[in-house]
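In what follows, a single structure is set out as C-alpha cells and then discussed.
The values are calculated or read from the model by the stated rules, or taken from the named source; none is laboratory data. Worth saying up front: this structure is predicted, and the values here are computed from it rather than measured. Using ideal geometry, Cβ is built from the backbone for each residue, glycine included, and neighbour counts are taken over all protein chains shown. Note: accessible area is taken over every heavy atom of the protein model, side chains too, but ligands, DNA and RNA are not part of it. Shrake-Rupley method; radii C 1.70, N 1.55, O 1.52, S 1.80 Å.
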Amino acid sequence: MLMASPATSPVKTPLAAKATAARRRQILAWGLGIAALAVFPFMVYPLFAMKVLCFALFACSFNLLFGFAGLLSFGHAAYFGIASYVTAESAKYWGLTPELSILAGTGVAIVLGAAFGWLAIRRQGIYFSMITLALAQMVFFFCLQAEFTGGEDGIQSVPRGDLFGLIPLGSHMAMYYFVMGVFLIGFLIIYRTINSPFGQVLRAVRDNDIKATSLGIKTRHVKLAAFVISAGVAGLGGATKALVFQLASLTDVSWQASGEAVLMTVLGGAGTLTGPVMGALIVTGMQQYLAQFGSWVTIIQGAIFVVCVLAFRRGIVGELDRLAKLPAFWRRRRAERRFTPAPRASTDF
Amino acid sequence: MGIAIEARDLSKQFNGFFAVKDVSLQVAENTIHGIIGPNGAGKTTLFNLLTSFLKPTHGSIHYRGRNITHLEPAAVSRLGLVRSFQISSVFDQLSARDNVRVALQGKEGGSYCFWRSTAALARFDDRADELLEMVGLTAYADTASGSLAYGRKRALELATTLALEPETLLLDEPMSGLGPEDIGPITELIRTVAKGRTVVMVEHNLPVVATLSDTITVLARGQLLASGTYAEVTANPEVITAYLGEDDDDE
Ligand SMILES: Nc1ncnc2c1ncn2[C@@H]1O[C@H](COP(=O)(O)OP(=O)(O)O)[C@@H](O)[C@H]1O
Ligand SMILES: [Mg+2]
C-alpha cells in the first residue's frame with residue numbers, strides 16, 4: 001500500500017516444502033546428537049564425560065538468561081552450588097534415592113532463583129550483574145559457615161544410591177547413562193523455552209525492553225520467569241554433579257564457577273542452542289588435559305579465551321551458524337535486487 | 001462526543017527543571033489531536049506521562065473517565081492506549097513478521113507458555129501478514145528488522161502498534177526520518193487507521209499536522225500555549241513568538 005513493493009515474496013509457495021526439509025534436518029541433528037552422547041563415554045573417561053554434561057547444563061542455563069534475555073548473571077554458581085549441597089545432603093543423610101535427591105536440589109535452586117531473580121530484575125545492565133554477584137557471594141559465605149555444608153571439607157562420600165531404588169548407579173557406565181538422561185531433560189527444557197511463544201517474547205524483551213512494555217508485555221514477569229527456569233536448570237546440573245563426584249564443595253558455589261559458565265557460553269556462542277555445550281566440552285577438556293601444566297592452565301585458558309573472543313565474536317557455534325547461513329543470505333540479496341524496483345534517491349520505504 | 005484522554009494540571013520536573021508544567025488537556029474521542037511545539041518543548045515527556053512511562057510530579061491522567069496515573073505502562077497499553085516512539089523502536093534480531101507476532105501476543109498480555117512449540121504462533125500468521133501488507137513490508141517479512149532501512153523500521157513500528165488494535169493511538173513524530181516521497185503514503189495510512197479511533201500525534205511537519213488534525217495543541221517550554229484549530233493556533237501571537245522568537249535556532 002505504501003510503495004510499489006515487490007507484490008508477493010517469491011518464496012511463498014515452497015514454504016511448506018521448506019518447512020518439512022527443515023524438520024527433517026532437525027530430526028537428523030537430534031539423532032546425531034543423541035548418538036554422539038551415547039558413544040561419548042567410550043571415547044573419553046566416563047567421569048570426564050559426566051563432568052562435561054553437568055557443566056553443559058550449567059552453561060546452557062546461563063545462556064538462556066544471557067543469550068536470550070540479555071541478562072548477564074555473574075552469580076549462577078549460587079544455584080549450581082546450592083543444588084549440589086542439597087542433593088548431597090539428601091542422598092547422604094536423608095537416604096533419598098538419586099532422582100529424588102536431584103529433584104530436591106533442583107527445587108531449592110528454583111526457590112532461590114525466584115527470590116534472587118525477584119530482587120535482581122529490578123535493576124538493569126551492570127547493576128543487575130552486580131546484584132546477582134553479591135547475592136551469590138552471600139550464598140558462598142553461607143555454605144562456608146553453615147553446619148550442614150561441612151565448611152572447607154564440603155560433603156564427602158555421597159552415595160550414588162539406586163535409581164528409583166532399583167538400579168545401582170555405582171558403576172561409571174550406569175551413572176553416565178543416567179546423567180545423559182538428566183542432561184537431555186534439561187537440554188529439552190532449554191530448547192523448548194527458546195522455541196516457544198515465551199521464547200519469542202523473551203527475545204523481544206532482550207532486544208527492546210521499552211518497546212515490549214509499550215506493547216502491553218509485563219517485561220519484569222517475563223524476565224523473572226526466564227530467571228527461574230535458568231536457575232532450575234543450573235540447579236539440575238549442580239545436583240547431578242554432586243552425585244557424579246559424590247561430593248559437594250565450595251568450588252561449585254564460588255564466583256570462579258560463575259565465571260566458568262560465562263566463559264563456556266561466550267566461547268561456544270551466546271544466544272545459540274548448542275554453543276554452551278561446545279563451550280563446556282572445550283573448557284572442561286582444557287582443564288582435564290592441560291592439568292599437567294599445573295597453574296599454567298588458567299593462563300592458557302585465558303589466552304585461548306582472548307583469542308577466541310577476538311577472532312570469533314559470536315563464539316564457535318555462532319560463527320559456524322553464520323557460515324552456514326551465508327549462501328542463503330546471498331541468494332536472498334540477489335533475489336531482492338532482482339525484484340526491487342530501481343532504487344530511489346531518498347530513504348526508500 | 002466523549003473525552004478519551006484528559007490530563008489535569010500535569011507537571012514533570014527533572015532536577016528542578018520543569019519539562020512539562022501545569023498542562024491541562026482534553027482529547028475528544030474519535031478525533032486526531034496534533035501536538036506541536038519547538039524541540040525541547042516537552043512533547044515526548046507529555047507522551048511518556050500519558051502512557052505512564054514517567055510518573056508525573058503533579059497532576060493526574062484520566063482515560064475514558066478512569067484515573068490511570070498510577071498504572072504500570074504495560075497495563076495502560078492493555079487498556080487500549082498505545083504509543084509509538086520518536087526514535088524508531090523495533091526488536092532488531094527478530095524478523096519483521098516476528099515483530100508483529102510479538103505485538104499480537106502482547107495484545108493477550110504476552111505469553112508465558114514456555115512448554116509449547118512456536119507452532120502455536122501460527123494462528124497469528126495471517127493477521128501478521130495482513131498488517132505487514134498494510135504498511136508495505138510484505139517482501140521483508142523474513143528479514144531481521146535491525147537490518148531494515150530506517151523508513152521501513154518506522155513502517156514496521158506502525159504495524160506493531162496497529163497489531164494491538166488500540167482504541168487510542170499516540171504517535172511521536174511518525175514522519176521523522178522519512179524521505180519526502182513517503183510522507184504522502186504515511187499521512188494516508190494515519191488517516192485510514194484513525195477512522196473509529198482517537199489519535200494524538202506529535203509532528204514537526206506542519207502541513208501534515210494541518211491536513212490531519214481536528215484540534216491542535218501548541219506546547220512551548222513545557223507549557224500549553226494554545227489549543228484550537230490550525231487556523232486558530234497559527235494566528236495566535238504567542239505561538240508565533242514561540243516559533244519565530246525563541247527557538248529560531250532549531251529546525
Ligand atoms: N529523562 C530526562 N531527564 C532529564 N531531562 C529530560 C528527560 N527527558 C526529557 N528531558 C528534558 O525535558 C525537556 C523536554 O524534552 P522532550 O519532552 O523530549 O521535548 P520534545 O519531545 O518536545 O522535543 C528537554 O529539555 C529535555 O532535555
Ligand atoms: Mg520529542
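For chain B, with all protein chains present and a 1.4 Å probe, just round the carbon and sulfur fraction of the accessible area to a whole percent.
51 percent
For chain A, set up a GNM with springs between Cα atoms under 10 Å and report which of A:Ile131, A:Ile102, A:Ile34 has the largest fluctuation.
A:Ile34
In whole Hz, with x marking every Gly and Pro, tabulate ³J(HN,Hα) for region A:280-293 from phi via Karplus 6.51 cos²θ - 1.76 cosθ + 1.60, θ = phi - 60°.
Here the 3J(HN,Hα) series is 4, 4, 5, 5, 4, x, 4, 4, 6, 8, 9, 4, 4, 7 Hz.
Just name one of B:Val208, B:Ser111, B:Leu219: the one whose Cα is farthest towards the positive end of the charge dipole of region B:3-244 (beta-carbon charges, Lys/Arg +1, Asp/Glu -1).
Highest projection toward the positive end goes to B:Ser111.
When the Karplus curve 6.51 cos²θ - 1.76 cosθ + 1.60 is applied with θ = phi - 60°, which whole-Hz ³J(HN,Hα) does each residue of region A:311-316 get, with x for Gly and Pro?
The phi angles translate into 7, 10, 5, 8, x, 4 Hz.
What accessible area, summed over both chains, is buried at the B-A interface (1.4 Å probe, Å², nearest 100)?
Chains B and A together bury approximately 4200 Å².
Treating the beta-carbon of each Lys and Arg as +1 and of each Asp and Glu as -1, no other charges, what is the dipole magnitude of region B:9-160 about its Cα centre, to the nearest 20 debye?
360 debye
Pairs of Cα atoms under 8 Å, at least six residues apart: use those to get the relative contact order of chain B, whole percent.
Once normalised by length, the contact order is 27 percent.
Can you give me the accessible area per residue for region B:3-244, using a 1.4 Å probe, in Å²?
38 Å²
In degrees between 0 and 90, to the nearest 10, how far off the longest principal axis of chain A does helix A:125-145 point, with axes built from Cα atoms?
For A:125-145 against chain A, the angle is about 10 degrees.
Hey, if you put +1 on the Cβ of every Lys and Arg and -1 on every Asp and Glu Cβ in region A:44-253, which of A:Ser73, A:Cys143, A:Ser171 ends up farthest toward the positive end of that dipole?
Looking along the dipole axis, the top candidate is A:Ser73.
What part of the accessible area of chain A, given as a whole %, is carbon or sulfur when the probe is 1.4 angstrom?
Answer for chain A is 68 percent, counting heavy atoms of protein chains only.
What residues have an amide H closer than 5 Å to that of B:Ala4, excluding those fewer than 5 places away on the same chain, when H is modeled at 1.01 Å from N in the peptide plane?
B:Val27, B:Ala28, B:Glu29
Please give the helix A:197-207 orientation as an angle from the longest Cα principal axis of chain A, in degrees from 0 to 90, rounded to the nearest 10.
Between helix and principal axis, roughly 80 degrees.
Name the residue, out of A:Ala270, A:Ala115, A:Ala22, whose mean-square fluctuation peaks in a Gaussian network model built on chain A with Cα pairs under 10 Å.
Fluctuation is largest for A:Ala22.
Per-residue HN-Hα couplings for region B:149-162, Karplus 6.51 cos²θ - 1.76 cosθ + 1.60 at θ = phi - 60°, whole Hz, x for Gly and Pro?
Running phi through 6.51 cos²θ - 1.76 cosθ + 1.60 with θ = phi - 60° gives 5, 4, x, 6, 4, 4, 5, 5, 4, 4, 4, 5, 5, 5 Hz.
Enumerate lysine pairs in chain B that are 8 or more residues apart or on different chains, then count those whose Cα atoms are under 28 Å apart.
Within chain B, the lysine pair count is 13.
Please find the FRET efficiency linking A:Val111 to B:Ile240, where r is the Cβ-Cβ separation and R0 is fixed at 60 Å, and quote it to the nearest 0.05.
Once the sixth-power term is evaluated, E becomes 0.40.
Residues of region B:64-94 that become at least 40 Å² less accessible with every protein chain present than in their own chain isolated, using 1.4 Å: which are they?
By number: B:Ala74, B:Arg78, B:Phe85, B:Ser89, B:Phe91, B:Gln93, B:Leu94.
Determine the shielding of peptide B:177-183 by partner chains: average, over its residues, the number of Cβ atoms on other chains within 10 angstrom of each Cβ.
Neighbouring Cβ atoms belonging to other protein chains average 4 per residue here.
Could you work out the relative contact order of region B:44-121? I mean the mean sequence separation of Cα pairs under 8 Å and 6+ apart, divided by the number of residues, in percent.
Computed over region B:44-121, the figure is 21 percent.
Using the reciprocal of the averaged 1/r over all distinct C-alpha pairs, how large is the Kirkwood radius of region B:116-159 in Å?
Mean inverse Cα-Cα distance, inverted, gives 11.1 Å.
Under 5 Å between amide H atoms, partner at least 5 residues away or on a different chain: which partners does B:Ala220 have, H built in plane at 1.01 Å?
Under 5 Å from the amide H of B:Ala220 lie the amide H atoms of B:Leu225, each far enough along the sequence or on another chain.
Rolling a 1.4 Å sphere over the protein heavy atoms, what is the accessible area per residue of chain A, to the nearest Å²?
About 47 Å² of surface per residue is accessible.
Note every residue of region A:210-232 with a reduction of at least 40 square angstrom in accessible area, all protein chains present versus the isolated chain, computed with a 1.4 Å probe, or write none.
Buried by 40 Å² or more upon assembly, which counts only protein chains, are A:Ile210, A:Lys211, A:Thr213, A:Ser214, A:Leu215, A:Gly216, A:Ile217, A:Lys218.
Taking the dipole about the Cα centre of chain B, with the C-beta of Lys and Arg at +1 and of Asp and Glu at -1, give me whichever of B:Ala149, B:Val233, B:Ala139 is farthest to the positive side.
The listed residue farthest towards the positive side: B:Ala139.
Classify chain B from the C-alpha gyration tensor, please: rounded if a/c falls under 1.5, else prolate or oblate depending on whether a/b exceeds b/c.
Verdict is prolate for chain B.
Which three semi-axes in whole Å describe the equivalent ellipsoid of region A:133-192, each the square root of 5 times a Cα gyration tensor eigenvalue, listed largest first?
29, 20, 8
Please list the non-local residues whose amide H lies under 5 Å from the amide H of B:Cys113, H modeled 1.01 Å from N, same-chain partners needing a gap of 5 or more.
When sequence neighbours closer than 5 places are left aside, the close amide H contacts are A:Phe198.
Most fluctuating residue of B:Met201, B:Met134, B:Met175 in a GNM of chain B with Cα springs under 10 Å: which is it?
Sorting by GNM fluctuation, first place goes to B:Met134.
Using the Kirkwood formula on the Cα atoms of the protein assembly as shown, what hydrodynamic radius do you get, in angstrom to one decimal?
For the protein assembly as shown, inverting the mean 1/r across all distinct Cα pairs yields 26.8 Å.
What relative contact order, as a whole-number percentage, does chain A give when Cα pairs under 8 Å and 6 or more residues apart are counted?
29 percent.
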